[in-house]
Amino acid sequence: MSVPEGPLPPVPARKAGAARSATGDSVRDALSANLNRRRLAQGWSLREMSAATGISKALLSQIERGEANPTLDVVTRIATVLRTDPVDLLRSSLREPEILRAGELDEPEGESAVNLLFAAHGHSRFEVYRSRLHPHAQSQLSSHGTGSVEYVMVVAGQVTLVVDEVPYDLHAGDSARFDGRASHYYTTEDSPAATHSIVGYPLA
């Protein structure tokens, strides 16, 4: 793969901790793209879709152009004909990498901090965190519920992971996985530390 000469264009960054908002425009765009893609993949014309769903051809065309705000009943009828779930029709895809710059994290000087980096997208249910702990710090006591699993990697420093009151020493580069139901927290000694963790949840 050849590498283009000259500087690469900047990658847009999302503000750390900001939830991806499901605005009206983004939902319409997702529905527009998903309807068009699935309709063509199954060989339906707009006229055939209209006959099968009982929705006018004009409205279907407006939905595909992102110009309409269909009701839940309309979306459900379309999903039924396309043999999919209404939620899938409204789900946007990750078209570009989503970059979080370290300098944009909310990490005040002299304070320990936990930043939610990413939350669930698509069919999975998980959350990704970055935590920074100062010397002689302790994170909040946590428990994530039945069926959850937490994965953690120490990216800098040394931490003690305490699960159900049992301590486990972790150094930079070490990883651990444990039952998210268990009460747990992290502590540091004389040096600061940083961790990345993923909390996975069972699908409903």
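The values are calculated or read from the model by the stated rules, or taken from the named source; none is laboratory data. Being a predicted model, the structure only gives us computed values, none of them experimental. Because the Cβ atoms are built from the backbone with ideal geometry, glycine has one as well, and the counts that use them run over all protein chains shown. SASA here: full protein model, heavy atoms, side chains in, ligands and nucleic acids out. Shrake-Rupley method; radii C 1.70, N 1.55, O 1.52, S 1.80 Å.
Annotations
- With the simple spin-label model, which puts each label point 7 Å out from Cα in the Cβ direction, the F178 to V166 separation comes to 0.9 nm.
- D179 sits among other residues whose Cβ lies under 10 Å from its own Cβ, and their net charge, with Lys and Arg +1 and Asp and Glu -1, is 0.
- Rg/Rg_globular for the stretch 139-190, with Rg_globular taken as 2.2 N^0.38 Å and Rg from C-alpha atoms: 1.09
- Most to least accessible of T71, T188, T84, T76 (protein chains only, probe 1.4 Å): T71, T76, T84, T188
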